[in-house]
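Since the structure comes first, as structure tokens, the remarks are kept for the end.
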Amino acid sequence: MIIDFHTHTFPNSIAEKTIEKLKHASHSQPFSNGTLSGLLETQSRAGVDLSVIVPVATSPRQVARINETAYETNVQYDGKGVLSFAAMHPDLEDPAAELRRIVSLGMKGIKLHSTYQHVDADDIRNLRIYDKAAELGLVVMIHAGIDIGFPNDTYCAVSKIRHACDEIGDFKLIAAHMGGWKNWDEVVSLLADTSVYLDTAFSTGYIHPLDDAFYKPEDLKLLDSKQFMDMLQVFGSERILLGSDSPWSDIREGIEFIRELPISNEEKTAILGGNAEKLLDRH
């Protein structure tokens, strides 16, 4: 089973406008139109069995509405190749109550994005959410490292993720973008002895830029196979999850990248979906 553990969709009414804004902020090409139907089309072409949607709330007032939509998506697409996490925001008035509601709705995890929420990953408001999520058995995915659209922000610095791990202890935490986008040396030095999972979203191969000459050629390079193997040796195949960051990378390229690595078929199977099945209790 192939599972893309990191995808994004937007309501049809705002998808076009949102994608246009984000592609110019990141100076990179999208690979779908950002809608749920667009995600289903790309995953079908790539042979992906399940896409996990990780919604982001940019304000606390969005959380309840996003999570209702996520729940409705899970009901409508149960067994049809899509599973949505819930959104959380550190400024929500009663995050513990919302986390309990998320569990009651049968949802498997939550997503936080400190850059968009303007709160450090190790801020006490986030620590309280991690702690309660851990108590409830929820998977927590956080953006990690630089955000391509906000390259100077440090809300999601790897050191802050490490501090959060030290404060909370072991819990089901996914540090997206291989633990810290374009901060991968720090990921190895700071997160290797934690229980953190890493996903491959927007982290292998190359950025596909817009035709606006914004990037220098050397800026487009992400992890190559040797660098990835070096990280794999440290973290182990059991802690790596396939992710695309759809619509911002081509999941077909991500799958091919894993399949071409000089590792066993068992390790490839684990990265492509086996580890995700265990985290989602689908095995």
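The values are calculated or read from the model by the stated rules, or taken from the named source; none is laboratory data. This is a predicted model, so every value here is computed, not measured. All Cβ positions, glycine included, derive from the backbone under ideal geometry; neighbour counts span all protein chains shown. Remember, those area values only see protein heavy atoms, side chains included, never the ligands or the DNA or RNA. Shrake-Rupley method; radii C 1.70, N 1.55, O 1.52, S 1.80 Å.
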Filter region 137-191 for residues that are of a type outside the set (Val, Ile, Thr) and touching a Lys or Arg at 6+ places or on another chain (Cβ under 8 Å); the one that is most open to solvent (accessible area, probe 1.4 Å) is 190
Which ones in region 1-46 are of a type in the set (Ser, Thr, Tyr) and crowded, with 21+ Cβ neighbours inside 10 Å?
7, 9, 28, 32, 42
If you scan region 83-103, which residues turn out to be within 25 Å of residue 47 (Cα to Cα) and assigned to a loop (DSSP other than H, G, I, E, B)?
85
Meets criteria (at pLDDT 95 or above, under 14 Å from the mean Cα position of the chain (by Cα) and not hydrophobic (A, V, I, L, M, F, W, C)) for residue 114
yes
Taking residue 96 as the residue in question, decide whether it is crowded, with 22+ Cβ neighbours inside 10 Å and modelled with pLDDT of 95 or more.
no
Sort out which residues of region 192-201 are surrounded by 24 or more Cβ atoms within 10 Å (Cβ to Cβ), of a type outside the set (S, T, N, Q) and assigned to a loop (DSSP other than H, G, I, E, B), and write them in order of number.
196, 201
List, please: which pairs have Cβ atoms under 8 Å, are six or more places apart or on different chains, and start with a residue in region 269-283 that is closer than 13 Å to residue 52 by Cα and acidic (Asp, Glu) and end with one that is at pLDDT below 95 and surrounded by fewer than 19 Cβ atoms within 10 Å (Cβ to Cβ)?
277/283
Taking residue 209 as the residue in question, decide whether it is without any contact (Cβ under 8 Å) to a residue 60 or more places away in the chain and open to solvent by 20 Å² or more (accessible area, probe 1.4 Å).
no
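To keep it simple, each residue is scored yes or no on (1) of a type in the set (Asp, Glu); (2) over 23 Å from residue 194 (Cβ atoms); (3) modelled with pLDDT of 95 or more; (4) open to solvent by 90 Å² or more (accessible area, probe 1.4 Å).
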position	(1), (2), (3), (4)
223	no, no, yes, no
230	yes, no, yes, no
239	no, no, yes, no
245	yes, no, yes, no
250	yes, yes, yes, no
259	no, yes, yes, yes
262	no, yes, yes, yes
274	no, no, yes, no
Name the residues in region 1-22 that are more than 18 Å from the chain's Cα centre (by Cα) and either assigned to a loop (DSSP other than H, G, I, E, B) or basic (Lys, Arg) (or both), would you?
1, 11, 17, 21
Taking residue 268 and the conditions (1) touching a Gly at 6+ places or on another chain (Cβ under 6 Å); (2) farther than 22 Å from residue 111 by Cβ, which numbered condition does it fall short on, given that it satisfies the others?
(1)
Just to be sure I understand, how many residues within region 50-82 are closer than 30 Å to residue 252 by Cβ, free of Cβ contacts under 8 Å to residues at least 40 places away in the same chain and not in a loop (DSSP other than H, G, I, E, B)?
8
